[in-house]
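Written below as structure tokens is the structure these notes are about.
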Amino acid sequence: MTPELISRFVAITGEKNAICNANEMAGYLREPRDLWHGKSPLILRPTSTEEVSQILKLASETNTAVVPQSGNTGLVGGQIPFEGGEEILLSLERMTKILNVDAANNTMMVEAGAILKSVQDAADDADRMFPLRIASEGTCRIGGNLSTNAGGLNVLAYGNARDLCLGLEVVLPDGRIWNGLRSLRKDNTGYDLKNLFVGAEGTLGVITRAVLKLYPKVRAFETAFIAVTSPRAAVDLLSLLRELSGNRVVAFELLPRIAMDFTVKHMGLSNPLQDYSPWYVLSELADPVADCFAKVLEVAMERGLVTDATLAQSEAQRQALWAIRELMPESQRFEGGSIKHDISVPVSKIPQFIAEAMQAVNRLMPEARVLSFGHMGDGNLHFNVSQPIGMDKQGFLDGRHAMNAVVFEVVAKYEGSISAEHGIGRLKRDHMPEIKSAVELQMMRDLKKLFDPAGILNPGKVLPP
Ligand code: ZN
């Protein structure tokens, strides 16, 4: 990029919202797992949709590639420029306004750079709830949540980001602004364009505003930490819990013993249950009839599904139980290299999937340690493989493609997904031809060409070249 072109871009946002200095850029160019360090000549931080529009218009005219970024918490590299150093980074972090909350309509309108936690808080202030709940909620931003169709802990009850969005404002790659900020639950007027941009990872347009769905605030939770005998018992427990609670289950996380051991060992927590169990479940009911969970657990124990359980007696105890789950990913760092998979299969197939995928991993590497944990209630597991004790970390990580291949083979057998909630980005891009038919991939390429004929918006992400 010539200095002249850089100054034309800088003129749009003003110098104080443009970053050219390598030190100040560093935080935007490193992704959370340190897999990639991007390079960029310029970071722009527009404060309005109009500025985003001008940036993309100029980018289209000058064939300048642009990578949109919101909270930089993505786990597939979609928000990081490539190492070539030619792509401008467009940060939404200055566009953080909560524009309105319509409690009677159960909707709110926000700018794309609003931090998820502040969106949740604004809903809470209006005596409502925005139910997207993910580990990075204190730093991730809603535009990124929508662009990656984020999932998290409450998907089984409220759906993922896509299900929580009613309308969008999007700036197209040529700078045109599409106002699709509708607050309607019924609107059958042709193609659903909004849902093309949700989950597109910033390859079709830049989301600048969104209308989100709100729900009644939950007044009381019942939260239980439960020892179950097997993943099959967990599936049966989920069905029982749904049935006997009147469908009040809002979270259902499966946790294997080894993940508990890592968390207890490295994160300074203790196991709330005394006896050894091969599997645990952390589950939550929202506004159940009193003591519902205890009654369900009694039935589950009689049926041999559950061997032990503890119920949170206070909000502090509830938070303590959730801390176990929330610190679980972090604990894996202390056990060396970890090869991570974010997969989903039908809930009914979870037990077979776990058994077969573990066997497949151990055929490839007998001492590898599998941590198959996460959002079992919606069929999504974080199937992570920790290195054998004592193995060279880099050597282990270098074998990740072979490890991915054996896991993905089992995913395919159960007609699952190799990216349940993190997206494709750069990390899984080259798997697309394996998981999409030629027809499906061509439709995606055609859409990309239609929206972004010059290919300036987040090039090289999602779709293989
Ligand atoms: Zn997750």
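The values are calculated or read from the model by the stated rules, or taken from the named source; none is laboratory data. Values in this document were obtained by computation on a predicted structure and should not be read as measured data. Virtual Cβ from ideal backbone geometry, glycine too; neighbours counted across all protein chains shown. When the accessible area is computed, the model is the full protein with side chains, heavy atoms only, and any ligands, DNA or RNA have been set aside. Shrake-Rupley method; radii C 1.70, N 1.55, O 1.52, S 1.80 Å.
Structure summary
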read-out	value
Cβ pairs under 7 Å, 6+ apart, first in segment 153-180 and touching a residue at least 40 places away in the same chain (Cβ under 8 Å), second open to solvent by 30 Å² or more (accessible area, probe 1.4 Å) and hydroxyl-bearing (S, T, Y)	Y158/Y215; L164/Y158; L166/S183; G167/S183; P173/S60; D174/S60; G175/S60
Helices (runs of 4 or more DSSP H) contained in segment 85-171 and holding at least 3 residues of a type in the set (A, V, I, L, M)	116-125, 155-158
Scope segment 412-454; condition small (G, A, S), in contact (Cβ under 8 Å) with a residue 60 or more places away in the chain and away from the ligand (no atom under 16 Å from the Cβ); matching residues	A454
Test: residue in segment 268-279 that is open to solvent by less than 10 Å² (accessible area, probe 1.4 Å), part of a helix (DSSP H, G or I) and within 21 Å of H382 (Cα to Cα)	no
Residue match in segment 126-137 (condition: of a type in the set (D, E, K, R) and over 25 Å from T223 (Cβ atoms))	no
Test set (1) within 16 Å of the ligand (Cβ to nearest atom); (2) crowded, with 19+ Cβ neighbours inside 10 Å; (3) in a loop (DSSP other than H, G, I, E, B) - T203 fails condition number	(1)
Single residue of A112, A104, A123 found to be buried (at least 19 other Cβ atoms within 10 Å of the Cβ), away from the ligand (no atom under 16 Å from the Cβ) and more than 23 Å from G425 (Cα to Cα)	A123
Residue check, R30 under 18 Å from R141 (Cβ atoms), under 25 Å from the mean Cα position of the chain (by Cα), open to solvent by 80 Å² or more (accessible area, probe 1.4 Å) and without any contact (Cβ under 8 Å) to a residue 60 or more places away in the chain	yes
Residue among S136, S183 that is within 16 Å of the ligand (Cβ to nearest atom), of a type in the set (S, T, N, Q), in contact (Cβ under 8 Å) with a residue 60 or more places away in the chain and open to solvent by 30 Å² or more (accessible area, probe 1.4 Å)	S136
Check on E253, open to solvent by less than 30 Å² (accessible area, probe 1.4 Å), touching a His at 6+ places or on another chain (Cβ under 8 Å) and not aliphatic (A, V, I, L, M)	yes
